[in-house]
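Peer 1: Have a look at this one before I ask anything.
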Amino acid sequence: MQYFDVCNGDADGLFALHQLRLAAPRDAVLITGPKRDNALLQRVTASRGDHVTALDLSFDVNRAAVRALLERGVTIDYIDHHIATGLPRHPLLHADIDTAPDVCTSILVDRRLGGRYRAWAVAAAFGDNLPGAARRLAWLARIDSDDETTLRELGENVNYASYGDSAEDLLIAPAALYALLAPYADPLDFVGACPLLATIGQARREDLKLACAHRAAATSAGTVIYTLPAEHWARRVRGAFANWLALAAPARAHAVLTPAFDGFWIVSVRAPLAAPFGADSFCRRFGGAGRAGAAGIGHLPCAAFDAFVTAFHQAYERTA
Ligand SMILES: [Mn+2]
């Protein structure tokens, strides 16, 4: 019998897995990757009697792969917090999916383990941009404010390390990062022993500085659109830059574009923080997806750029 651990490569995914393996060590095949790379279940080569643990991966994206594994007689423990449109009932599937806005996968694992490795869940919640939930957990675990700040930096840095459109963009491969953190039961010990984390933090700030040096490509009363160059740093920072812009100008909607392979843009869209609606429905018009406040488009043809700009201005003209 073989075990497979399949997780998102961001802080939430890695720290969810780490909590589970601290509680129940297991020799397992690890499958992970860049944060955007979330169709990971199709890579699992399990057969009858094998067991898969799936963490922080959209069930909708992996639905067909899950079905194929179940039909092969593989048992699956699926823990996640992304929207799932209906879960199949199957005796081999245990699905623990909670889409409440104040939980992430590491918090669901923390619940399952009764708070045994809570500091990791605190860092993960900060990484998933849930500072309210992170602070509540830190308070419950009697973590002081200095340590809370360290855990926040850890979560945000590990999260940033998973940003990029492909493995080449990443500051470190998530599987390599997992191997570095795996020996530590306490995340504060890991931070103290791993100088790479500070290097990631520095790169995170430098990427943002490079983005901030660019001028907007188009603006309207309610919107700002940036196009960044085809560089590793730009593909890493696209989403984080959009979040930063949203904080800096909460009344406006923002879009940040980076060139993908020939003839396409990849787009991060943020609705105004003051009225965080419509990003998902807007992106769906161009084949994208996401949540009401934050969404994206994976393949916007360059020829559709002008139509995109016009539609974005129109979608958010009244919120200014
Ligand atoms: Mn998550």
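Peer 1: Looking at this structure, is A275 under 15 Å from R36 (Cβ atoms), of a type in the set (A, V, I, L, M) and not in a strand (DSSP E or B)?
Peer 2: Answer is no for this residue.
Peer 1: Taking the conditions exactly as written (without any contact (Cβ under 8 Å) to a residue 60 or more places away in the chain and farther than 29 Å from R235 by Cα), does R136 satisfy them or not?
Peer 2: yes
Peer 1: Then there's this: Inspect all residues belonging to the range 309-319 and state whether any of them is without any contact (Cβ under 8 Å) to a residue 40 or more places away in the chain, of a type in the set (G, A, S) and closer than 28 Å to E156 by Cβ.
Peer 2: No - not one qualifying residue is present in the range 309-319.
Peer 1: Just to check your reading of the model, which residue among S220, S268 is of a type in the set (S, T, Y) and crowded, with 21+ Cβ neighbours inside 10 Å?
Peer 2: Only one candidate passes the filter, namely S268.
Peer 1: Residue under question is T53, and the condition is that it be modelled with pLDDT of 95 or more, buried (at least 21 other Cβ atoms within 10 Å of the Cβ), in contact with a His (Cβ under 6 Å, 6 or more places away or on another chain) and among the polar types (S, T, N, Q); does it hold?
Peer 2: The answer is no for T53.
Peer 1: Would you confirm whether or not the range 149-157 contains a residue that is assigned to a loop (DSSP other than H, G, I, E, B), open to solvent by less than 50 Å² (accessible area, probe 1.4 Å), in contact (Cβ under 8 Å) with a residue 24 or more places away in the chain and of a type outside the set (A, V, I, L, M, F, W, C)?
Peer 2: No, the range 149-157 contains no residue that is assigned to a loop (DSSP other than H, G, I, E, B), open to solvent by less than 50 Å² (accessible area, probe 1.4 Å), in contact (Cβ under 8 Å) with a residue 24 or more places away in the chain and of a type outside the set (A, V, I, L, M, F, W, C).
Peer 1: To continue, here is another question. Here's a check for you: in the range 1-35, which residue that is of a type in the set (D, E) and touching a helix residue (DSSP H, G or I) at 6+ places or on another chain (Cβ under 6 Å) is nearest to the ligand (Cβ to nearest atom)?
Peer 2: Among residues in the range 1-35 that are of a type in the set (D, E) and touching a helix residue (DSSP H, G or I) at 6+ places or on another chain (Cβ under 6 Å), the one nearest to the ligand (Cβ to nearest atom) is D12.
Peer 1: Give me the helices (runs of 4 or more DSSP H) completely within the range 173-259, filtered to those with at least 1 residues that are under 20 Å from the mean Cα position of the chain (by Cα) and not assigned by TED's automatic domain parsing to the domain that holds G127, ordered by residue number.
Peer 2: It comes to 196-212, 232-248.
Peer 1: Right, here's the next one. Specify which of the listed residues (L300, L257) is open to solvent by less than 50 Å² (accessible area, probe 1.4 Å) and either under 28 Å from T85 (Cβ atoms) or of a type in the set (G, A, S) (or both).
Peer 2: L300
Peer 1: Mind checking whether some residue in the range 58-77 is within 15 Å of the ligand (Cβ to nearest atom) and open to solvent by 60 Å² or more (accessible area, probe 1.4 Å)?
Peer 2: yes
Peer 1: Residue under question is T85, and the condition is that it be more than 24 Å from T45 (Cα to Cα), away from the ligand (no atom under 16 Å from the Cβ) and hydroxyl-bearing (S, T, Y); does it hold?
Peer 2: yes
Peer 1: Every residue in the range 88-116 that is part of a loop (DSSP other than H, G, I, E, B) and within 13 Å of the ligand (Cβ to nearest atom), please.
Peer 2: Across the range 88-116, the qualifying residues are D98, T99, A100, P101, D102, V103, C104.
The values are calculated or read from the model by the stated rules, or taken from the named source; none is laboratory data. For clarity, every value in this text was computed on a predicted model and none was experimentally measured. Cβ coordinates were reconstructed from backbone atoms using ideal geometry, including for glycine residues, and neighbour counts include every protein chain displayed. Ligands, DNA and RNA are stripped out before the accessible areas are found, and what is left, the full protein with its side chains, is counted by its heavy atoms. Shrake-Rupley method; radii C 1.70, N 1.55, O 1.52, S 1.80 Å.
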